[in-house]
Amino acid sequence: TKIASGSSSNCGLTTSKKIYCWGRNTFGNLGDNTTTQRNSPTSIARNDLDWADVVGGVNEFCAIQDVTGNLYCWGRNEDNQVNNTLAYVTSPYQMDNDSYVRVSMGEFTGCAINTSDELKCWGFNYAY
């Protein structure tokens, strides 16, 4: 079990390997294929899959699928934190075909380590 938090929404990973999210959903943060605010835990759109991990960014979440290690993300995408469409992503979107063991999200970027121990990052590419 695990809780992941964004700025105004949360997701929980249950012992049955399912993800439920609640809170504000302005950008599709809850992954339930809507932008409707939820005051209680609501199943993400891809709970037909089993999940191993979930992490939160500011207005987006990413999860690693159990067994395959595939990485899925959803939510606000203004800086390509989720994919390259520059739109809100309201349900889990498979990032690529790699298998991952760790993922982390920041405000404008995400990074993950695959099973080949390679670090991959995406999102807004700037430095202070």
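The values are calculated or read from the model by the stated rules, or taken from the named source; none is laboratory data. What you see is a predicted model, and the numbers here were worked out from it, not measured in a lab. Quick reminder, even Gly has a Cβ in these numbers, built from the backbone with ideal geometry, and neighbours come from all protein chains shown. In case anyone asks, the SASA skips ligands and DNA or RNA and just uses the protein heavy atoms, side chains included. Shrake-Rupley method; radii C 1.70, N 1.55, O 1.52, S 1.80 Å.
At a glance:
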| quantity | calculated |
| --- | --- |
| Accessible area in square angstrom per residue, the stretch 59-119, 1.4 angstrom probe | 47 Å² |
| Farthest toward positive dipole pole in the chain [+1 Lys/Arg, -1 Asp/Glu at C-beta], among Ser99, Leu71, Ser8 | Ser8 |
| Long-range HN-HN contacts of Gly57 with modeled amide H, under 5 Å | Cys62 |
| Portion, in percent, of the accessible area of the stretch 1-123 that falls on carbon or sulfur, probe 1.4 Å | 45 percent |
| Structure-derived semi-axes √(5λ) of the Cα gyration tensor in Å: which label, when the choices are [x] 20, 18, 12; [y] 36, 17, 10; [z] 33, 14, 11 | [x] |
